[in-house]
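The values are calculated or read from the model by the stated rules, or taken from the named source; none is laboratory data. On a predicted model such as this, the values are computed, not experimentally measured, just so you know. So basically every Cβ, Gly included, is an ideal-geometry build from the backbone, and we count neighbours across all protein chains shown.
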Amino acid sequence: MTKYRRLGVQDHLDSPLICNRMQRETLETMWSVISERKPILLKYFERKAQLLGIEKMAWYDQLAPLPQASSGKDDLAYDEACDTIVKSFNEFSDHLGGFSEKALKEGWVEAEDRSGKRQGGFCTGLPAKQQSRIFMTYTGSADSMSTLAHELGHAYHSHVLRSQPYLLQFYPMNLAETASTFAEAVLGEKRLASAKSDGEKLGILNHMLSDAVAFMMNIHARFIFENKFHTERAEAELTSDRLTEIMLEAQKEAYCDAFDEWSNVFWISKLHFYITGLPFYNFPYTFGYLLSLGVYSTADEFGEKFPEKYRELLTATGCMNAEEAVQSSLGYDLTKPDFWNRSIDIVEQRVNEFLKVSDSMIG
């Protein structure tokens, strides 16, 4: 905040907005549409509580597995997962599918599950070789397959930008998650369409909606908390009790007061609040998630031209602001509600499908 005063910026949001190459109006519109539409997720919470056999959800129930759900095969071979990803990507675009097949065959991915190696995934580019490397732990689960698709999406983003001048191959955090989340969505929709039972469908939809809750509610709570913290800290230091109060208020607002128990000390444990190199390490995740869904929703609109339009968008992320990148490739204005509503329409469709699939499972 001392640095901001020296720089003469408007407030504590100027710096993260500049870092993410986006306008304040876009951020305000995104949160406004989310606040208006997020109550659709309350139906998901109510049904999940019924499936868990409890009266009302608590904070710690968000990621609770559903006993009625199936994750499909628990011993999904790595080669089988790779084949599924490549086939799913090929149905969207030969360009994406061909790239992924090349990356997998040429050993760009280190996925061995071995002692001392943590789970998760990471992708880094090698611009001089016009390649990427993915480091992850594959555990034979559908979630691991989704992680691999996610990281291949990152690699594809770098692949599309490989012929651009070196300084135009880099994109901000809010645009970095677009290609990865999009690739995950392509695989997810394919898995949903080919699910062999209602239990498997329920598991896939539950995973998708858990993501929606994370991006539209959990991260919103983090943003509300951090925004309030900066505002109050400008006047005086905050006690731990006050930080806990702000966290509780933020969670209740972001989650539409849906739970009967909260995590008001979340501010202590969440690593993102303590990353000092990037201010407001929260809203870029929500932006990237909804941007990828919105992009996915335009597929029917552009038809056969969609894969080309998608590549145009990825190329633009290296040299344009977020609003210019979307406007020049897809023709949508991110400062207006329409695009964000398209994104949340997909979330609403998934909620309705979750309710439909689980109707007969309530005890």
So, D300, is that one modelled with pLDDT under 95 and under 30 Å from F354 (Cβ atoms) or not?
yes
Tell me the residue from L13, L104, L76, L27 that is under 30 Å from K196 (Cα atoms), modelled with pLDDT of 95 or more, of a type outside the set (S, T, N, Q) and surrounded by 13 or more Cβ atoms within 10 Å (Cβ to Cβ), please.
L104
Taking the residues in region 107-129 that are more than 16 Å from H159 (Cα to Cα) and surrounded by 19 or more Cβ atoms within 10 Å (Cβ to Cβ) as candidates, determine which candidate is modelled with the lowest pLDDT.
G121
Within region 110-141, tally of residues that are in contact with a helix residue (DSSP H, G or I) (Cβ under 7 Å, 6 or more places away or on another chain) and among the small types (G, A, S):
4
Which one of T335, T315 is among the β-branched types (V, I, T) and not in a helix (DSSP H, G or I)?
T335
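Return yes or no: is N227 among the polar types (S, T, N, Q) and touching a residue at least 40 places away in the same chain (Cβ under 8 Å)? Quick ask: steps written out before the conclusion?
Numbers: among the polar types (S, T, N, Q): yes; touching a residue at least 40 places away in the same chain (Cβ under 8 Å): yes.
Spelling it out, N227 is indeed among the polar types (S, T, N, Q) and touching a residue at least 40 places away in the same chain (Cβ under 8 Å).
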Given (1) under 23 Å from Y171 (Cα atoms); (2) outside the structural domain of S158 (by TED's automatic domain parsing), K43 misses just (1)
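Out of A195, A234, A221, A185, report the one residue that is modelled with pLDDT of 95 or more and among the small types (G, A, S). Show your work before the answer.
Details: A195 fails: modelled with pLDDT of 95 or more; A234 fails: modelled with pLDDT of 95 or more; A185 fails: modelled with pLDDT of 95 or more.
Of A195, A234, A221, A185, the one residue that is modelled with pLDDT of 95 or more and among the small types (G, A, S) is A221.
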Selection count where residues are closer than 22 Å to S32 by Cα, part of a helix (DSSP H, G or I) and hydroxyl-bearing (S, T, Y), scope region 247-306:
6
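Would you mind finding the one in A185, A254 that is of a type in the set (A, V, I, L, M) and assigned by TED's automatic domain parsing to the domain that holds Q50? Show your work before the answer.
Numbers: A185 fails: assigned by TED's automatic domain parsing to the domain that holds Q50.
Step by step, each of A185, A254 is checked, and only A254 is of a type in the set (A, V, I, L, M) and assigned by TED's automatic domain parsing to the domain that holds Q50.
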Checking L330 against (1) under 21 Å from the mean Cα position of the chain (by Cα); (2) more than 19 Å from T29 (Cβ to Cβ), which single condition isn't satisfied?
(2)
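Out of all the residues in region 81-100, which are in contact with a Gly (Cβ under 7 Å, 6 or more places away or on another chain) and either over 17 Å from H150 (Cβ atoms) or outside the structural domain of G153 (by TED's automatic domain parsing) (or both)? Quick ask: steps written out before the conclusion?
Taking region 81-100 first, the residues in contact with a Gly (Cβ under 7 Å, 6 or more places away or on another chain) are 86, 89-90.
Residue satisfying the conditions is N90 alone.
Condition check: over 22 Å from Y171 (Cβ atoms), assigned by TED's automatic domain parsing to the domain that holds L42 and surrounded by 15 or more Cβ atoms within 10 Å (Cβ to Cβ). Does L248 satisfy that?
Numbers: over 22 Å from Y171 (Cβ atoms): yes; assigned by TED's automatic domain parsing to the domain that holds L42: yes; surrounded by 15 or more Cβ atoms within 10 Å (Cβ to Cβ): yes.
So L248 passes the test.
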I need every pair where a residue in region 268-296 that is closer than 13 Å to M216 by Cβ has its Cβ under 6 Å from the Cβ of a residue that is among the acidic types (D, E) and buried (at least 20 other Cβ atoms within 10 Å of the Cβ), sequence separation at least 6 or different chains.
G288/E177
Elements of type helices (runs of 4 or more DSSP H) contained in region 46-163, each with 1 or more residues being basic (K, R)
78-92, 94-105
For residues that are farther than 14 Å from Y171 by Cα and touching a residue at least 60 places away in the same chain (Cβ under 8 Å), scanning just region 312-339, find the one that is surrounded by the most Cβ atoms within 10 Å (Cβ to Cβ).
L334
Tally up the residues in region 178-207 that are among the aromatic types (F, W, Y) and under 21 Å from P65 (Cα atoms), please.
0
